[in-house]
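Computed from the coordinates by the stated procedures, all read-outs in this text should not be read as laboratory data. The structure presented is a predicted model; accordingly, all values stated were derived computationally and were not measured. FYI the Cβ positions are ideal-geometry reconstructions off the backbone, even for glycines, and counts take in every protein chain you see.
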Amino acid sequence: MPIHVVEIIIENKPAAKDPEGTTIQRDLLNKGGYEQVKSVRTGKYLRVSIEAKDETEALEMTRNFCNDLRIYNPVVHSIDIKIKKD
């Protein structure tokens, strides 16, 4: 079976506080002379290689393990899953 590379991006939902993003904006960017940066949101990026018969199966498997294993918290996070294209 072929190997599919799947990208997972986990971000805080817009209403959720993001103290790390606020700190990066305030203490690094703004103090570093980049006052034009008005917002920073942080997140997590995961890239996994999955053996599956096709892209659909790879995406489904990824969604399943993200939910089943609580890779993210659906209350405060949004998740974007996609096949990495070369």
Q | With Cα atoms, 0 to 90° folded angle of helix 55-68 axis to the chain main axis | A | 60 degrees
Q. For the charge dipole of segment 3-83, defined by +1 on Lys and Arg C-beta atoms and -1 on Asp and Glu C-beta atoms about the Cα centroid, which residue among S39, N67, I79 has the Cα displaced farthest towards the positive pole?
A. S39
Q. Applying 1/(1 + (r/R0)^6) with R0 = 22 Å to the Cβ-Cβ distance of D68 and I3, what FRET efficiency is obtained, to the nearest 0.05?
A. 0.55
Q) How many percent of Cα pairs in segment 1-82 exceed 19 Å? A) 50 percent
Q.
Counting only other residues whose beta carbon sits under 15 Å from that of I10, what net charge do I get with K and R as +1, D and E as -1?
A. +2
(Q) Per 0.36 nm of contour for each residue apart, how much would the distance between V37 and A16 grow if the chain were fully extended, relative to their Cα-Cα spacing? (A) 5.6 nm
Q) Considering the dipole of the chain built from charges on the beta carbon (Lys and Arg +1, Asp and Glu -1) around the Cα centre, which of V6, V48, I24 is farthest to its positive end? A) I24
Q: Would you work out the charge dipole size for segment 3-83 about its Cα centre, treating the Cβ of every Lys and Arg as +1 and the Cβ of every Asp and Glu as -1, and quote it to the nearest 20 debye?
A: 420 debye
Q) So which of K31/K84; K53/K82; K13/K53; K17/K85 end up more than 25 Å apart by C-alpha? A) K31/K84; K13/K53; K17/K85
